[in-house]
Amino acid sequence: MTKLDRVPVAQLPDKYGIVKSVLYDRINRLSIKPTKIGNKSCVSGEQLDLLDQRSLGLFQSTATAQLGR
């Protein structure tokens, strides 16, 4: 795995437009274990894909629910 394959967890709330507590809830629900590199926690590209899928699924579910109103 190269450094490009790792994304600092601290950058993810901005990426998804959520607060840290929601991000950590998603990380825990997906059983993702960030890797500690120095003083930063990072996720791998594969873990990031899981989070992306989760975020996309939540967005689609919300949009579908709003259409049904």
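So what's the net charge close to residue 35: Lys and Arg +1, Asp and Glu -1, counting the other residues with Cβ under 11 Å from its Cβ? Before the final figure, lay out the partial values.
Values: positive: 6, 33, 36, 40; negative: 5.
Value of the local net charge: +3.
How far apart, in nanometres, would the label points at residue 35 and residue 14 be if each is projected 7 angstrom from Cα along the Cα-to-Cβ direction?
Simple spin-label model gives 2.3 nm for this pair.
Modelled label-to-label distance, residue 21 and residue 49, 7 Å Cα→beta-carbon offset: nm?
If labels sit at residue 21 and residue 49, their model points lie 3.2 nm apart.
Show me, for the stretch 21-31, the HN-Hα J-couplings you get by feeding each phi into the Karplus relation (A = 6.51, B = -1.76, C = 1.60, θ = phi - 60°), rounded to Hz, glycine and proline as x.
Here the 3J(HN,Hα) series is 4, 5, 4, 5, 4, 5, 4, 5, 5, 8, 6 Hz.
Coordinate-derived values only; no laboratory data. Computed from a prediction, not measured in an experiment: that's the story for all the values here. Neighbour counts run over all protein chains shown; Cβ positions are idealised from the backbone, glycine included.
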